[in-house]
There are 2 protein chains.
Amino acid sequence: MLRRVLDVLPALPGGGGEGVPHLILGPGDDAAAFAWPGGGTLLLTTDAAEEGVHFDRRLHPLRAIGRRAVAAAVSDIAAMGGRPVGTLISLVAPPAEETAAARIAEAAAERAAELGAPLVGGNITAGERIGLHVAVAGAGTPGAPLLRRRGAKPGDGLFVTGSLGGAALGLSLLRRRKEGETTPLDPEEEALVARQLDPAPRLDAGAALAGAAHAGMDLSDGLALDLHRLAVASGVGACVQAARVPLAGRGAQSLEAALFGGEDYELLIAGPRQTVRAAAREAEVPLTQVGRVTAAGEGIRLERADGVAEPLPRRGWDSWTAGRRNPKS
Amino acid sequence: MLRRVLDVLPALPGGGGEGVPHLILGPGDDAAAFAWPGGGTLLLTTDAAEEGVHFDRRLHPLRAIGRRAVAAAVSDIAAMGGRPVGTLISLVAPPAEETAAARIAEAAAERAAELGAPLVGGNITAGERIGLHVAVAGAGTPGAPLLRRRGAKPGDGLFVTGSLGGAALGLSLLRRRKEGETTPLDPEEEALVARQLDPAPRLDAGAALAGAAHAGMDLSDGLALDLHRLAVASGVGACVQAARVPLAGRGAQSLEAALFGGEDYELLIAGPRQTVRAAAREAEVPLTQVGRVTAAGEGIRLERADGVAEPLPRRGWDSWTAGRRNPKS
């Protein structure tokens, strides 16, 4: 219901006359956008990291809590093809946890500075559990259109950056260690854990692909759920070929993690194949075609390795239902 | 400790070259500021409303929770002399409280639109208590300098807009009613309750006074604590004359509420008397001189009605200590 409230708001009036920033894109995409008087586009987005929902202090070090919350919010700016400008945090912590809260804030500040979006304001409130709320302002890439969820056309290629499923597999490894598993991690496993603890938003890819793609978004909740969102926003269908999905892991769970795991913060891109590939090559962005955009009537499908296509369920990571029935961590 | 972390950050680098927004004011003031390429100033601020700290659901209706959280954040933009542009919310709510959360979000959206800063993004996370985190982006008033906490000079007049103490007195009235008091509120009491439940940021006053004042901030935590902050930022002392403080209430607690109560969201202004008074008159802003800025060595004093001056304690409303020892509501 709340998400409906938030989705119903885009019809709000934008600004009041000359010299005033003018709303050009309201809720429903990765970030909102305003045309700034005199030129440029202001992007705004917010994200949350709540204890017991987005992180588990038995698995996530304090430093990771701060760093990944900032990276997740900045990823929404990357998903619009923009660059982050500044970061705000609002932190809730139990009164006895002041030292832990300071460590989280320091890590958030460190990551924000690394990503070019210095932490410029914050506040702390006493509460029962640790919660970190991050807002990021960004600027659109000059000369490039915004990379929106809407705009994909039947016939477009469907692409993802990097590899998928790593963050979810990394979380599984962290859980196994908490449960007593003591075999040292090999370098490949270390890399998966790093995807969970310290994700990297695809800022260069977003900026490079904004002008070439028809539509795009970041993969925060798994390819399946996020593809459904992009398809609904664009009014299209899509077919993903399982064998083409670039998997971060090698085990039996790797495809499942890529489709339904979330928190990878790679980009999902739809657009004309040649143009998108050329832009990725020029910017040295690792990009893989995973399928194609189809007519809306064909639905969202997964083509298995044997060539049989089945519906791809609208399922993935959701901070609202996760906290309710099935805590993620 | 966390507040120290947040205060230590302003030395961060600002932006990376031409065409990129450049940081001109980091943490420590009411909002951060960036010079936007091509002209104008981007302002960013965040504020929180946490259940049991900033509000009490036995006293505050759901609608008030949403409206006052947005007004408080927008007040930080008013305190810089700017105009709000857009609002983001990050909401935490217990899974069983989805309807309440939606009501709060609707109220936040309503108030944001009224204040010219449409709600353009938000998310909801399952958590144990209701928490509403609001981030607001704004724009500096074209042609006027930012109204900063720093800049007050000995000899300046010290002014406040409107009247003080109303929000704290309104909260007391709400508490008395909860405890069984049933006498109907008279119109004056209704007005005090409205100050608590539905505060109005001083946007016109901030914009009108930014060019005339030397320094300013909003009164979110009581005149005493906020005056200490302005004096420290400016490196000055100050003397407030108790008899001149415009009191929202009439009872014995009215001065105490004005000095230490908080949540009034009026503005505290320091500047040359004639210039500030003329700007207020022209913009029809209700402004009262309450004292004067002095040399730092004279400290922060309160001059009682009998002419005796005593130190004004650095005491007021604090979301961190309030949640710890002495919940506000």
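Each Cα pair of the protein assembly as shown feeds into the Kirkwood radius, which the Stokes-Einstein equation turns, at 25 °C and 0.890 mPa s, into a diffusion coefficient of 96 µm²/s. With its label point defined 7 Å out from Cα along the Cα-to-Cβ axis, A:Pro313 lies at 6.0 nm from the matching points of the other copies, in increasing order.
Pairs of Cα atoms nearer than 8 Å and 6+ residues apart set the relative contact order; for chain A it is 20 percent.
The fraction of accessible area contributed by carbon and sulfur in the protein assembly as shown is 50 percent, rounded to a whole number (1.4 Å probe; ligands and nucleic acids excluded). Given R0 = 25 Å, the distance between the Cβ atoms of B:Glu114 and B:Arg177 translates into a calculated FRET efficiency of 0.40. Between A:Glu256 and B:Thr275, the FRET efficiency estimated from the beta carbon spacing at R0 = 56 angstrom works out to 0.25.
Restricting the calculation to Cα atoms, every distinct pair contributes to the Kirkwood radius of the range A:104-261, found to be 18.1 Å. Using every pair of distinct Cα positions in the range B:56-99, the Kirkwood expression returns a hydrodynamic radius of 12.3 angstrom. Inter-chain neighbour count for B:49-58: the average number of beta-carbon atoms from partner chains within 10 Å of each residue's beta-carbon is 2. Scattering from chain B was approximated by placing one identical point on each alpha carbon and applying the Debye formula without solvent; log10 I(q)/I(0) at 0.08, 0.11 1/Å stands at -0.36, -0.69. Over the range B:59-171, the ratio between the Cα radius of gyration and 2.2 N^0.38 Å evaluates to 1.26.
For B:Ala283, inter-copy separations between label points set 7 Å beyond Cα along the Cβ vector come to 4.2 nm, shortest first. Across peptide B:108-114, the average count of Cβ atoms from other chains found within 10 Å of a residue's Cβ is 2. Averaged over residues, the count of other Cβ atoms within 10 Å places the peptides A:305-313, B:133-141 in the sequence B:133-141, A:305-313, highest first.
Rg and Dmax, both from the Cα atoms of the range B:198-329 and both in Å, are 14.8, 45. In the context of the full protein assembly, A:Asp47 retains an accessible surface of approximately 40 Å², using a probe radius of 1.4 Å and ignoring ligands and nucleic acids. By the helix-only formula, in which each DSSP H run with n ≥ 4 contributes -39500 (n - 2.57) and the sum is divided by residues, chain A has a 222 nm mean residue ellipticity of -9500 deg cm²/dmol. Averaged over peptide B:186-199, the number of partner chain Cβ atoms lying within 10 Å of each residue's Cβ comes to 0. Taking the label point 7 Å along Cα→Cβ, B:Pro94 and its counterparts in the other copies are spaced 1.8 nm apart, in ascending order. Within the range A:26-82, all pairs of alpha-carbon atoms sorted by distance into 5 Å bins from zero give the percentages 4, 18, 22, 17, 14, 12, 7, 4, 2, 0.
The values are calculated or read from the model by the stated rules, or taken from the named source; none is laboratory data. These figures come from a predicted structure and were not determined experimentally. Ideal geometry is used to build each Cβ from the backbone, glycine not excepted, and the neighbour counts take in all protein chains shown. These area figures cover heavy atoms from the full protein model, side chains too; ligands, DNA and RNA do not enter into them. Shrake-Rupley method; radii C 1.70, N 1.55, O 1.52, S 1.80 Å.
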